[in-house]
Amino acid sequence: MPLRDIEDLEKLKKINAALVSRVERSMDQQGNAFSLFQTAISLENRVRTRTEELHATLRRLEQSNIELVAAKETAELANLSKTRFLAAASHDVLQPLNAAHLSVSALAEVQTSDEGRKLVRQVERSLETMEDLLRTLLDISKLDAGVVQPEIGDVSLEALFSSLRSDFLPEAEKKGLSLKFRPVNVVVRSDRTLLRRILQNILSNALRYTRTGGVLVGTRHRGYTIRIDVADTGCGIPDDQREAVFEEFHRGTPTLAEGRLAGGLGLGLAIVRRMAAALGHPVTFSSKVGRGTIFHIDVPVGISAAAEPAAGSADMERPRGYGLFGTKVLLVENDADVLSAMTSLLERWQCLVRAATSTDDALDLIGDTDWVPDIIIADQHLDGGDLGTATIAEVRDYLGRPVPALIVTADGSELVAKAARAAGIELMRKPLKPAQLRALLAHLLA
C-alpha cells in the first residue's frame, strides 16, 4: 500500500519503528561480525607471540640445564679434590707432629734435671695443643665437605660412659671437681665414634668452665628417644651467647679465661653442632648464669633388647704392668723421622727393634734369621703402595701364627678401621700418645 494512502498516523509510526528496528538489527549484525573478525586476528597474533616466547624460554631452559650439569660436574670434582686434600692433609700434616711427639717422649726419659723435665713438659703441652687444633680443624672441614658418613648401629651407653669416665676422671680430680655417671642399661642407635666425640667435647667444656661442684651425666627415656643430659655447676651461658657458643673460635666471657679456666680452642661446640647434625641428634641446652648448664642430646633407642656389658677398655688403659723388657718389635714405617723417633722410644723401653719400610723389607728381616717378632707395629701407607694391614697378613702367613699387631696411622678413614678390625689388628691414630702406646703394647703382649 502506498504511504500516501495511509491516513492512520499511529499505524504509520508503527511501520516506521519496525523499519528502524530492522535497520538497527542489520547494523548490529554487521558490527558483531567485524568485531569477531578483529578478535580472531588479535588472538592469532597473541598465539604467535606466546609461541615465540615459549620457544625462547625453552631454549633458555635447555641452555640453563647444560650450564647446571656443567656446574654440578665442576662442584663434584671440587668436592672430590677437597676430600683428597683432607685425606692428604690428615696424613701429611700429622706425620711430622707424630715424630715430634715420639722424640719428645724419648727425650723426657733421659732428662735428669728438673729444668730439663720442665722444658719437656712445656713442649709436650704445646704439641698437644697443636694436635688438638689441627685435628679439630680437619674434622670441621670434613664435616662441611660432607665426607664424614656416620655408621649407625647399636651403642651401649654404659660402655660409652665407662670409657668417658676413665678419660675425664683424672682431670676432674685434679681440679677438685666431682664427675658422676648415673648407671644406665640401654643401647641407642648412633655412630659410636661421633657420639663419643660429642659427649667428649661437652664434658671437656663442662670441666673447663666449672670452678666448684662438678659434672653429672645421666639419661632419661622420652618415648622412642633417650635424652642424655650433661649437667655442670659452672658459670652458665648468658642468653645473648646462646647461638654464639656454637660458632668457631668462640670462648666464654673474659673472666672465664683466667686462672684454672684458661685454655680451649673455642671449637668444641662447633664440632658438636656439626656432628649432631650429621647424626640427626638434636642438641639443646638450658643454662643459668652463675648456676650451671645442662646440655641435652636426643638419641633414638637402640634395637637390641639389652646393652652389652661394658668393654674392657678401662682395664686396658690401666694395665697392671708394662713388661716390655726384651720384647721383639718388627717396626714397619716409611717416614724416616717417625721411624727414627719410634725406634728410639721403643729402645728406651728396652724393646729389641728391627725396622723396615715395606713388605719386602719386613719379610727379608724375618726370612734370613731365626728372629721372630713378638709384636708388629706398622704404618698403613708404606713405600711402593704397600699397606700395613697387608704387610702384617703376609708376615703372619710366613710365620704361621697370628702375631699380635698394631696399625699406627694418620689416615682417619673408616676404610682403614674396617680393614684393621677384619684382620684382628689393633689401630691407633697419629700423633701417638706414648703412654697410651706403651699401655696398649703391654695389653697385647699380656
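The values are calculated or read from the model by the stated rules, or taken from the named source; none is laboratory data. Just so you know, these numbers come straight off a predicted model, no measurement behind them. In this analysis, Cβ positions are derived from the backbone assuming ideal geometry, glycine residues included, and neighbour counts consider all displayed protein chains. Quick note on the areas: whole protein, heavy atoms, side chains included, nothing else; ligands and nucleic acids left out. Shrake-Rupley method; radii C 1.70, N 1.55, O 1.52, S 1.80 Å.
Observations on the structure shown:
- Considering residues of the range 147-160 that are of a type outside the set (D, E) and open to solvent by 70 Å² or more (accessible area, probe 1.4 Å) only, the residue modelled with the lowest pLDDT: Q149
- Qualifying residue in the range 232-243 (condition: modelled with pLDDT under 70, surrounded by fewer than 19 Cβ atoms within 10 Å (Cβ to Cβ) and either under 21 Å from F168 (Cα atoms) or of a type in the set (S, T, N, Q) (or both)): no
- For the range 161-186, residues that are open to solvent by less than 40 Å² (accessible area, probe 1.4 Å), modelled with pLDDT under 90 and outside any loop (DSSP other than H, G, I, E, B) total 5.
- Residue that is surrounded by fewer than 19 Cβ atoms within 10 Å (Cβ to Cβ), on the phi < 0 side of the Ramachandran plot and either of a type outside the set (S, T, Y) or at pLDDT 85 or above (or both), where the choices are G266, G312, G323, G280: G312
- The range 331-386, residues that are surrounded by fewer than 19 Cβ atoms within 10 Å (Cβ to Cβ), out of contact with any strand residue (DSSP E or B) (no Cβ under 8 Å at 6 or more places or on another chain) and under 28 Å from A435 (Cβ atoms): A336, D337, S340, S344, R348, Q350
- Residue ID - farthest from the chain's Cα centre (by Cα), chosen from residues in the range 405-418 that are at pLDDT 85 or above and open to solvent by 40 Å² or more (accessible area, probe 1.4 Å): K418
- A Cβ distance below 8 Å, combined with a sequence gap of six or more or placement on separate chains, defines the contacts here; from the range 209-221, residues that are open to solvent by less than 50 Å² (accessible area, probe 1.4 Å) reach residues that are assigned to a loop (DSSP other than H, G, I, E, B) and among the aliphatic types (A, V, I, L, M) in the pairs T210/L177; G213/L177; G214/L177; V215/L177; G218/V184; T219/V184; T219/V186.
- Cβ-Cβ distances below 7 Å connect the following pairs, each with a first residue in the range 170-198 that is closer than 12 Å to L157 by Cα and of a type in the set (G, A, S), a second residue that is assigned to a loop (DSSP other than H, G, I, E, B) and open to solvent by 60 Å² or more (accessible area, probe 1.4 Å), and a separation of six or more residues or different chains: S190/I152.
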